[in-house]
1. At Leu187 and Lys386, where each label point lies 7 Å from the Cα along Cα→Cβ, what is the point-to-point distance in nanometres?
2. Taking R0 as 30 Å, what FRET efficiency do you get between Arg282 and Ser199 from their Cβ-Cβ distance, rounded to the nearest 0.05?
3. HN-Hα J couplings of the stretch 382-388 from phi, Karplus 6.51/-1.76/1.60, θ = phi - 60°, integer Hz, Gly and Pro as x?
4. Please list, by residue number, every one of the trypsin sites (Lys or Arg not before Pro) in the stretch 312-415 that is coil in DSSP and has at most 12 other beta-carbon atoms within 10 Å.
5. Long-range amide H contacts for Gly132: which residues qualify at under 5 Å (H placed 1.01 Å from N, peptide plane, sequence gap of 5 or more or a different chain)?
6. What residues qualify as long-range amide H neighbours of Lys388, i.e. H under 5 Å apart, gap of 5 or more or another chain, H built at 1.01 Å from N?
7. Take peptides 355-361, 197-203, 165-171 and line them up by average Cβ neighbours within 10 Å, highest first, as a rough protection proxy.
8. So which of Lys163/Lys411; Lys371/Lys411; Lys220/Lys246; Lys79/Lys106; Lys149/Lys341 end up more than 27 Å apart, counting from Cα to Cα?
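None of the figures in this text is laboratory data; all of them are computed from the coordinates on show. What you see is a predicted model, and the numbers here were worked out from it, not measured in a lab. Every residue, glycine as well, gets a Cβ built from its backbone with ideal geometry; the counts of neighbours run over all protein chains shown.
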Amino acid sequence: MGSVSLKIGDGTARFKRASVCSSAVNLMMLFSVITTNLFAFYAFTYHPTTITLHQNPKNIAVISEKVSLILKEIESSQKKLAQMEKEILGYESLDLLRPNIANELKEFLNPHRLPLGKDSRTGITEMVASVGHSCEKSVDLLSQFMGYKVYGLCPDDWSLGQKLILQGCEPLPRRRCFAKTVPKVGLQPLPVSLWKNVSEKAFSWSGLGCKSFACLNSKKLNRDCAGCFDIVNGYENQRYVKARSKNDFLMEDVLAMGNGGIRIGFDIGGGSGTFGARMAERNVTVVTVTLNVDAPFNEFIASRGLFPLYLSLDNRFPFYDNVFDLVHVANGLDIEGKPEKLEFLMFDIDRVLRAGGLFWLDNFYCSADDKKRDLTRLIERFGYKKLKWIVGEKANGPGKSEVYLSAVLQKPVRT
């Protein structure tokens with residue numbers, strides 16, 4: 001086939017289902033094709049019996065005009081049929097016949113029929129690969145990402161994959177190559193691993209500006225990660241147990257607001273995993289979602305014995321509804337651009353948080369009054385109960401201060 005499924009609903013391709021509607025349209029398509037071809041056959045095979053063509057040159061022009069009209073009708077019908085197929089299947093198409101497309105990309109994206117035919121329970125007839133619809137905008141990079149030796153070692157191109165993700169090409173296609181392995185030397189068992197440094201040799205530093213933790217700790221990687229890889233001597237080992245300002249909530253206080261019902265949590269943009277580590281000490285399982293922007297966040301979180309999730313915030317969270325007891329987020333909630341983008345994120349957070357669960361907004365930087373007001377209005381529209389709400393200032397250099405919002409909110413029961 002020359003086209004593949006790329007755009008369905010939430011941005012990823014899915015399974016194609018057989019249905020009564022699709023069967024009816026198939027009959028319409030077949031009838032249209034037969035009709036237009038009969039007209040074409042008639043035009044090309046018709047010969048007048050009483051007047052020869054060379055005796056009546058005007059007939060040649062008349063027939064040519066009719067043939068031209070029929071050919072245009074056929075072309076128009078083909079376009080309509082192609083559009084009908086797209087509407088039925090629910091996706092736009094990516095032309096895999098264009099030049100410089102990697103063979104592995106074609107192999108992955110082409111639909112594959114089920115070996116036993118139609119599934120009687122679901123109606124599925126073939127499997128279609130899942131890939132982000134925005135991948136169509138980065139086909140050259142995507143083809144480069146898929147240009148590897150099958151059953152060989154994958155190129156050292158994780159940064160290329162992350163670039164595609166940040167451009168909306170998510171999920172990435174699967175690959176048939178072996179990822180580079182790094183010996184995990186010096187790993188410790190829980191709970192020692194939560195606050196124990198691991199050898200720098202246990203991490204991959206390719207594609208990163210810093211090649212050591214000393215370099216990372218000397219920089220402010222983002223607003224929530226300044227020295228966050230120093231889990232032994234830095235402030236990280238005091239976070240959530242010792243407050244530096246009124247905006248810093250203590251973990252024991254927040255857990256008490258959950259009345260003992262906090263068992264699993266979701267940390268959005270969790271830096272080096274310290275929030276998950278503190279929760280693990282209290283027998284709470286936390287999933288930390290982050291990318292490896294400027295640092296090996298995912299590997300570091302895993303080295304502490306915690307659960308990292310390599311995912312951008314533009315992707316729908318891969319969890320079922322109402323599963324988490326607590327969602328924790330700091331400045332990962334700060335999405336620039338249209339306010340609708342923040343709304344989509346907030347609705348997905350609300351979706352995965354159970355009724356009665358806690359939403360912990362931790363030191364959100366209010367760069368302007370407008371941003372604080374818009375976020376406050378948005379939160380109020382969700383109807384959350386304010387268990388704790390603090391707006392305070394923090395010093396940021398001599399004579400400078402910044403405004404931060406911290407809150408613990410409880411999701412209501414909706415009927």
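1. 4.6
2. On the way: r = 28 Å, r/R0 = 0.94.
It comes to 0.60.
3. Using θ = phi - 60°, the values come out as 7, x, 6, 7, 7, 7, 7 Hz.
4. Details: sites: Arg316, Lys341, Arg351, Arg354, Lys371, Lys372, Arg373, Arg377, Arg381, Lys385, Lys386, Lys388, Lys394, Lys400, Arg414; in loops: Arg316, Lys400, Arg414.
For trypsin sites (Lys or Arg not before Pro) across the stretch 312-415 that sit outside H, G, I, E and B with at most 12 neighbouring Cβ atoms in 10 Å, the list reads Lys400, Arg414.
5. Glu170
6. Val408
7. On the way: 355-361: 20.3, 197-203: 15.9, 165-171: 18.4.
Per-residue mean Cβ counts within 10 Å order the peptides as 355-361, 165-171, 197-203.
8. Numbers: Lys163/Lys411 35 Å; Lys371/Lys411 22 Å; Lys220/Lys246 22 Å; Lys79/Lys106 23 Å; Lys149/Lys341 39 Å.
In this structure, Lys163/Lys411; Lys149/Lys341 lie more than 27 Å apart at Cα.
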